[in-house]
Amino acid sequence: MDGDLAQALKSEARRVGFDMAGVVPATPARRLDAYLAWIEAGRHGSMGYMARPNRVERRLDPSLILPGVQSIVCVGLGYATLALPEAVAADPARGRIANYAWAADYHDVMTPRLEALADWLAARVAGPVANRVYVDTGAILERDHAEAAGLGFTGKNTMLIGPRRGSWFFLGELLTTAALTPDVPAARQPSCGSCRRCLDACPTGAFPVPYVLDARRCISYLTIERKGWIPRALRPLMGNWIYGCDICQDVCPFNRFAPPSLEPAFWAASIEAMAPPLEDLLALDREAFAARYAHGPIRRLGWERFLRNVCVAAGNWGNEQALHGLVRLLATDAPLVRGHAAWALGRVGVTETTAARAGAAKAAMQNALAGETDERVREELQGALAGRG
């Protein structure tokens with residue numbers, strides 16, 4: 001194995017724009033058994049791709065991803081920027097977006113850099129070399145590999161935490177057939193100790209025990225990965241989050257040390273990009289959504305799921321200012337949006353709504369129910385009219 005090449009590669013990783021880099025052998029992740037138990041318990045929810053046999057096989061044997069693979073280069077890129085002002089974050093009239101989605105799509109930023117790093121390596125290895133790069137897409141347990149590479153330790157919220165960097169960073173991997181000298185993790189890693197702020201702060205109780213996430217209750221999963229209806233019991237617990245969630249990271253003491261990102265693509269252009277007014281979002285049609293989020297990760301969610309999330313946040317806001325937008329959405333062609341709009345209308349606070357507007361909203365729901373053919377939407381309308389929000 002070539003130690004000098006590994007060191008030069010890590011230096012090159014920093015030169016092309018990564019903040020951290022480490023090398024591990026291309027062997028199965030150390031906590032693979034925990035992952036398999038997590039899948040067996042169904043805690044991956046509807047993310048069936050995580051449990052597909054061919055994906056599990058690749059995690060057991062990385063050579064199924066890249067024949068002859070010998071090394072995995074793990075890289076990290078920080079995305080910590082300005083903190084959202086507390087008054088804005090706590091404003092129920094605004095929809096909160098996770099920090100990582102405030103600006104550019106990290107896949108678009110990191111993938112070209114990893115490809116450049118792969119080209120650099122290929123040019124310096126004697127003989128043929130094969131490489132493959134991943135940014136949050138491969139069938140590998142990237143946090144475990146990154147921990148072995150020295151990029152941090154696993155926290156009780158399952159995030160990878162750098163002692164002097166916190167958890168605000170993205171991960172990427174370069175799999176290579178080149179034999180690189182692996183990094184040796186420190187004999188003693190930092191840990192969360194007795195701290196359990198992340199566990200106690202989660203409003204949906206997504207951590208049944210430390211170091212285990214039940215994705216089915218995680219706000220990030222509910223707003224991004226879940227494709228269908230959000231369970232009614234969880235909707236009131238989601239607050240004003242409309243894309244992802246940062247709560248377990250916001251409360252983590254290690255994130256006090258996170259240095260601001262030097263990557264301008266990750267800095268939000270305005271407060272509205274971080275926490276846009278819900279009234280504005282309720283007015284978005286498909287074309288306006290596509291134009292507004294053309295260059296960030298939110299575009300992959302699609303209009304229907306995004307408006308589903310906005311409706312839930314509007315229901316938790318419970319203000320009459322949301323009535324017009326929610327009533328308008330009762331007429332959309334997407335059952336998922338109609339149903340969540342109905343639920344939100346049922347949640348609008350009577351004490352903050354004039355009798356005339358409340359009556360108009362009720363009439364709109366009754367009219368919608370009369371013509372509704374989707375059984376799930378009918379259930380939502382009937383529940384809203386009966387006050388079962």
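The values are calculated or read from the model by the stated rules, or taken from the named source; none is laboratory data. From a predicted model like this one, the values you see are computed outputs, not experimental measurements. No Cβ is skipped: glycine too gets one built from the backbone with ideal geometry, and neighbour counts run over all protein chains shown. Just the protein is used for accessible areas: all its heavy atoms, side chains included, with ligands, DNA and RNA removed. Shrake-Rupley method; radii C 1.70, N 1.55, O 1.52, S 1.80 Å.
Things worth noting here:
- Qualifying positions in the range 128-161 - farther than 22 Å from L262 by Cβ, in a loop (DSSP other than H, G, I, E, B) and in contact with a Cys (Cβ under 7 Å, 6 or more places away or on another chain): G155, K156, N157
- Residue check for R232: of a type outside the set (G, A, S), out of contact with any Asp or Glu (no Cβ under 6 Å at 6 or more places or on another chain), in a loop (DSSP other than H, G, I, E, B) and open to solvent by 20 Å² or more (accessible area, probe 1.4 Å): yes
- Any hit, the range 239-257, residues being open to solvent by 30 Å² or more (accessible area, probe 1.4 Å), over 20 Å from D200 (Cβ atoms) and part of a helix (DSSP H, G or I): yes
- Among the residues examined, R164 does not qualify as open to solvent by 10 Å² or more (accessible area, probe 1.4 Å), touching a residue at least 12 places away in the same chain (Cβ under 8 Å), among the charged types (D, E, K, R) and outside any loop (DSSP other than H, G, I, E, B).
- Taking the listed residues L329, L282, L323, the one that is over 22 Å from I219 (Cβ atoms) and open to solvent by less than 40 Å² (accessible area, probe 1.4 Å) is L323, with no other qualifying.
- L151 being in contact with a Lys or Arg (Cβ under 6 Å, 6 or more places away or on another chain), under 23 Å from F266 (Cβ atoms) and at pLDDT 95 or above: no
- Answer residue from the range 132-141, given it is surrounded by fewer than 21 Cβ atoms within 10 Å (Cβ to Cβ) and either at pLDDT 95 or above or on the phi < 0 side of the Ramachandran plot (or both) and is farthest from the chain's Cα centre (by Cα) among those: R132
- Among the residues of the range 113-123, those that are surrounded by 14 or more Cβ atoms within 10 Å (Cβ to Cβ) and not aromatic (F, W, Y) comprise R113, L114, E115, A116, L117, A118, L121, A122.
- Residue among S167, S194 that is within 15 Å of the chain's Cα centre (by Cα) and among the polar types (S, T, N, Q): S167
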